Amino acid sequence: MIQVIDLHKAFNGQVVLDGINLEIATGKITVVIGKSGVGKSVLLKHLIGLVKPDKGQVLVDGQDITQLKGRKLQDLKRRFSVLFQGGALFDSLSVFENIAFPLREKTRLPETEIVSRVHERLEQMNLSLEAGKKFPDELSGGMKKRVALARAMIQEPEIILFDEPVTGLDPPMTNTVFHLIRKTHGASNYTALVVAHDIPEVFSIADYVAMLHQGRIIAFGTPAEIQQHTDPMVQSFIRGEPDFLEA
Amino acid sequence: MIALIRYLGRWVLNWVQEAGSMMLFLLQGLALAFVPPFRPRRFLQEMNLIGVKSTLIIILTGAFTGMVLGLQGYYTLRKYGSEGALGAAVALSLIREMGPVLTAIMVSARAGSAVTAEVGIMRITEQLDALDTMAVNPMQYVVMPKLLAGLVAVPLLTAIFDVVGILGGYLVGVVLLGVSSGSYFSGMEQSVVPLDINGGIVKSLVFGLTIILVASYKGYYTEHGAEGVSRATNQTVVLSAVLVLAWDYILTSFFM
């Protein structure tokens, strides 16, 4: 289980996270929703130690990642994978090499096994073997996301963090990516944190939903509970009311 | 007046802070060369980017520099009846001064800007963060091989520049203007001493490290998207050129 306890973060005096408390259940998909610029990605980056908090803790099975350094931090990071908003695929490597990268860097698997695993992931993401020869700048937005998902999955991590996995995609591709997240989660049962603002699609993959607003979690529950939540901010966001977006 | 002093004070403090931060960046980058995993392939890739791909521009620059030195040197020395010293004049100018400095400035313009753009784009597209989350140290994977390649490639490019420049001087002085081939090379042989060559090598080592340090540092700490990459690339070329010339003066004063 991942526990976020009283997490605070400000950039240049501007408060972004103002006492976040959140529990991310093992083996479940927790979705953090909230309007753009509210600090969802900042929260996600705290979970893997990319950003250090001003105050607070992030406990991963009892270990505070904000206090870890060196080998211990590296060992903990090996349990994670991240699917970044833009995919963060390495420009200089082909699709195949991008997906194989974590295996080449962190395992001593023979080449035949690496090839087999990469092909398996390409197939799982509905990508042809031919696509493996392409470079990231030759891919569409949807393909990039699927390649990034394949790379995130290749080492079968315990925890995967998804930073706005469908931003910029058309509705069919949005549903495809969410379907793939649900499918891979069903197969591997990893713990997932998904940062997104795609309502109502995210409810289809979420076990739990948390809403971030003004630096705090203002609502937490199952998708059904969130949809019935009495907080006007939550309802306004779910309905996509313009007055809320301007607030 | 107080505002001006305050502004200057802030500028100096920022400058000192940035210089310190750059030095720590360098030490961290070089220290990681001794920490496994070792990736010789990454080093070779960077040697190709920084060294091999700069060879043509270095040959062209070296050739024309040598030819100009041959031409200017010939007409200057002829006034004193010393055309025979042309080889020595060309070689000493190139080995001591022009070879290391011009090579460094050309590498900074070609490879330094490319390094900043590459690392800066990796930063803004979260590729460096992606490495970090895979428990791969981005300093070790991206920056360290570039620093080592700069340290090795720039002295080699300087040697190429010097040799091509000497041949360029030969072409103009001996082939076109009729200086004796024997006096061109014997003058060179008598005048150039190991200290000149060592000085040139030390300069090119320092310049190579400086250029790639500035380029990697500016790229690594790029902010604010494409505009930030553009600004960082610009800063790299300007700062590298200024630092190369400043180092040149300091090192020359040691070797004279």
Q: Leaving out ligands and nucleic acids, note down the accessible area per residue over region A:15-104 with a 1.4 angstrom probe, in whole Å².
A: 38
**Q.** Chain-alone versus full-assembly comparison, region B:131-153, residues with accessible loss of at least 50 Å² (1.4 Å probe)
**A.** B:D132, B:T133, B:M134, B:A135
Q) So what does log10 I(q)/I(0) come out to for the protein assembly as shown at q = 0.09, 0.10, 0.13 Å⁻¹, using the Debye formula with one equal point on every Cα and no solvent? A) -0.75, -0.86, -1.21
(Q) What does the C-alpha gyration tensor say about the overall shape of region B:65-148? Classify as rounded when a/c is under 1.5, otherwise prolate if a/b is larger than b/c, or oblate. (A) prolate
Q | For region A:146-247: rounded, prolate or oblate by the Cα gyration tensor [a/c cutoff 1.5] | A | prolate
**Q.** Accessible area per residue in Å² at 1.4 Å probe, computed on chain B
**A.** 49
Q: Pop out a list of residues from region A:44-62 that are at least 40 Å² less accessible with all the protein chains around than in their chain alone; 1.4 Å probe, no ligands or nucleic acids counted.
A: A:L50
Q. Which whole-Hz ³J(HN,Hα) couplings does region A:19-31 yield from phi under the Karplus relation 6.51 cos²θ - 1.76 cosθ + 1.60, θ = phi - 60°, glycine and proline marked x?
A. x, 7, 10, 7, 10, 10, 6, 5, x, 10, 9, 10, 10
Q | region A:24-58 residues near the modelled A:Q214 label - backbone nitrogen below 17 Å, point 7 Å along Cα→Cβ | A | A:34-40
Q.
Let me check something: with ligands and nucleic acids excluded, how do A:D198, A:D170 order by accessible area (1.4 Å probe), largest to smallest?
A. A:D170, A:D198
Q. Of B:L71, B:L13, B:L92, which is the most mobile in a GNM of chain B whose springs link Cα atoms less than 10 angstrom apart?
A. B:L13
Q: Please turn the phi angles of region A:164-175 into ³J(HN,Hα) values with the Karplus equation 6.51 cos²θ - 1.76 cosθ + 1.60 (θ = phi - 60°), one per residue in order, whole Hz, x for glycine and proline.
A: 6, x, 10, 4, x, 9, 6, x, x, 5, 4, 5
**Q.** Inverse of mean 1/r across different Cα pairs in chain A, Kirkwood, Å
**A.** 18.7
Q.
Which entries of A:K9/A:K77; A:K69/A:K133; A:K45/A:K106; A:K9/A:K134; A:K106/B:K146; A:K9/A:K144 have Cα-Cα distances beyond 29 Å here?
A. A:K69/A:K133; A:K9/A:K134; A:K9/A:K144
Q: Provide the percentage of antiparallel DSSP beta bridges, counting only those with both residues in the protein assembly as shown; round to the nearest 5.
A: 55
Q: Quantify, in whole percent, the carbon and sulfur part of the accessible surface of chain A (1.4 Å probe; protein heavy atoms only).
A: 49
Q) Residues of region A:93-135 losing 40 Å² or more of accessible area relative to the isolated chain, 1.4 Å probe, heavy atoms only? A) A:F101, A:E105, A:K106
(Q) Am I reading the A/B interface right? What is its buried accessible area, both sides, 1.4 Å probe, to the nearest 100 Å²? (A) 1500
Q) Cα extents of region A:79-164 along the three principal axes, largest first, in whole Å? A) 31, 29, 23
**Q.** Value at 222 nm in deg cm²/dmol, rounded to 500, when DSSP H runs of n ≥ 4 in chain B each add -39,500 (n - 2.57)
**A.** -25500 deg cm²/dmol
Q | Bridge type composition, chain A - antiparallel percent by DSSP, nearest 5 | A | 55
Q. For region A:1-105, what does the alpha-carbon gyration tensor say about shape, rounded, prolate or oblate, given a ≥ b ≥ c as the root eigenvalues, a/c under 1.5 as rounded, and a/b over b/c as prolate?
A. prolate
Q) Membrane-span-like helices in chain B: DSSP H runs reaching 30 Å or more (Cα, own axis), mean Kyte hydropathy at least 0.0? A) B:2-31, B:55-78, B:144-170, B:194-220, B:225-255
**Q.** Whole-number percent relative contact order across region B:42-254, with pairs defined as alpha carbons under 8 Å at least 6 apart
**A.** 38
Q: Run the quick spin-label model on B:S230 and A:Q124: label points 7 Å from Cα toward the beta carbon, then report their separation in nm to one decimal.
A: 4.2
Q. For region A:103-152, what is one quarter of the convex hull surface built on the Cα atoms, given in nm²?
A. 3.6
Q | Relative contact order (percent, whole number), region B:1-137, Cα cutoff 8 Å, 6+ residue spacing | A | 21
Q: Please build a GNM for chain B, connecting alpha carbons under 10 Å apart, and tell me which residue among B:D129, B:D162, B:D196 fluctuates the most.
A: B:D129
Q. Per-residue accessible area for A:I199 at 1.4 Å probe radius, Å² rounded to 10?
A. 40
Q.
I'd like to compare A:208-214, B:179-185: which one has the highest average count of other Cβ atoms within 10 Å, and what's the full order after that?
A. A:208-214, B:179-185
Q. Top to bottom by accessible area (1.4 Å), largest first, where do B:S54, A:S140 land?
A. A:S140, B:S54
(Q) I need the Kirkwood Rh of chain B: take the reciprocal of the average 1/r across all distinct C-alpha pairs and report it in angstrom. (A) 19.8
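The values are calculated or read from the model by the stated rules, or taken from the named source; none is laboratory data. Here the structure is a predicted model, which is why all the values come from computation and not from measurement. Here the Cβ is made from the backbone with ideal geometry for all residues, glycine too, and neighbour counts use every protein chain on show. Please note that ligands, DNA and RNA were not included when accessible areas were found on the heavy atoms of the full protein model with its side chains. Shrake-Rupley method; radii C 1.70, N 1.55, O 1.52, S 1.80 Å.
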